[in-house]
1. Give the residues of segment A:176-204 whose amide nitrogen is closer than 14 Å to a point set 7 Å from the Cα of A:Asp233 in the direction of its Cβ.
2. Is there a quick way to get the dipole size of chain A? I mean about its Cα centre, with the Cβ of Lys and Arg at +1 and of Asp and Glu at -1; what is the value in debye to the nearest 20?
3. May I ask which residue of A:Pro197, A:Gln175, A:Val234 lies farthest towards the positive end of the charge dipole of segment A:159-246, with charges of +1 (Lys, Arg) and -1 (Asp, Glu) on Cβ and the Cα centre as origin?
4. Based on the Cα gyration tensor of the protein assembly as shown, what are the three equivalent ellipsoid semi-axes, each the root of five times an eigenvalue, rounded to whole Å and given largest first?
5. When we measure straight from the Cα of A:Lys247, which aspartates and glutamates land under 18 angstrom away, once same-chain ones fewer than 8 places off are left out?
6. For B:Met1 and A:Thr95, what does the FRET efficiency come to when R0 = 30 Å and r is the distance between their Cβ atoms, rounded to the nearest 0.05?
7. Summarise the partner chain shielding of A:68-77 as one whole number: the mean count of Cβ atoms from other chains within 10 Å of each residue's Cβ.
8. For a label point 7 angstrom out from the Cα of A:Tyr14 toward its Cβ, which stretches of segment A:34-60 have the backbone nitrogen within less than 19 Å?
Amino acid sequence: MSVRFVLPAAERGYSFLPSVGPNASYVAGHPDGAITRHSSFNFGEYQSGIPGFGAMRVFGDEVFMPNGTGYNMHPHHNFIIMAFVLSGTLTHINTIGRIDELGRDDYYVFSAGSGGKHSELNIGEGDLGVIYVWVLPGRLLAPPSYRRARFDRSAGANRITCLVGDEPGALPIAQTFRVSRLVSDAERRYAYRPARPNGLYAFVVEGEVEIADALLTRRDSMAVEGEDQVTIDVRTGGTDVLLVETKL
Amino acid sequence: MKKYLCLGCGFSYDEARGLPEHGIAPGTRWADIPDDWVCPDCGTPKSRFEMVEIPYFEGEAAT
Ligand SMILES: [Fe+2]
Ligand SMILES: [Zn+2]
């Protein structure tokens, strides 16, 4: 096993983004509203960590407070931006012309391409938990696109389900990149087979897994490379893992 | 001629194209852009752009 890095949850970057002060126009919400962001990779003011992995530049574990907190309309180019809703409801508005509501297990792939803006809001009454992933595209300034889908919790139980990438049922992406989800209700061994020479990033949403002799608990993550098969030992029921395969 | 991508928003700078609408002539090298220059779309500093070797989408003028 070739381990690129192990990133304990507490060693990620942390940003607290209140809706007032310097962020007032960027962060939506009432004056007490705020977003918390744990970044696996360097992002924004957090620049002392890991720069990225393969084509992935952002893996943000974010919580939006309720009652209108979020990101106001702001521009992007090129990056392929994905959101995976863990809890609560995300209202997504983009300049492709979509206003979308995404609940638990819903996800989208927004390719900003030649230019697009989006707003991400929690207009619900409870917290919104969401994972954001940004990926470098295979081509610059492509036509923008937006697609959404839902992870089917019953069909996806106790197996590895491809959510984004080149597989039937998954949302396509113009990059050598896959996001899969492993939800296991018992201790069990799973195998992920990346296409050579891709790397694999594993992020534990909930539960406990062991990969390459590293024990990962809630919100810990790690990256491996140079493997034909990555063995994932789930150590407890209720385990939920996001698996990101990327070209290196 | 190289391309650079803003890690704050994805805005791309292409040395061959420059940014005439922002006062940077085509052919301007990245190194010749002032260090205090920021992304015109999101304000991210020049130091947080990444050099990329990604081709344009077909139909975009190749450089
Ligand atoms: Fe954004
Ligand atoms: Zn920018």
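Taken together, the values in this text are just the output of simple stated rules run on the coordinates, not laboratory data. Computed from a predicted structure; not experimentally measured. Note that we place each Cβ from the backbone using ideal geometry, even for glycine, and neighbour counts take in every protein chain shown.
1. What the label zone holds, given the 14 Å backbone N cut-off, is A:187-191.
2. I would put it at about 700 debye.
3. Of the listed residues, the answer is A:Gln175.
4. On the way: eigenvalues 198, 111, 67 Å².
Whole-Å semi-axes of the equivalent ellipsoid: 32, 24, 18.
5. Partners within reach: A:Asp166, A:Glu167, A:Glu225, A:Glu227, A:Asp228, B:Glu50, B:Glu53.
6. Efficiency, rounded to the nearest 0.05: 0.50.
7. Partner Cβ neighbours, averaged per residue: 3.
8. Those under the cut-off are A:34-50, A:59-60.
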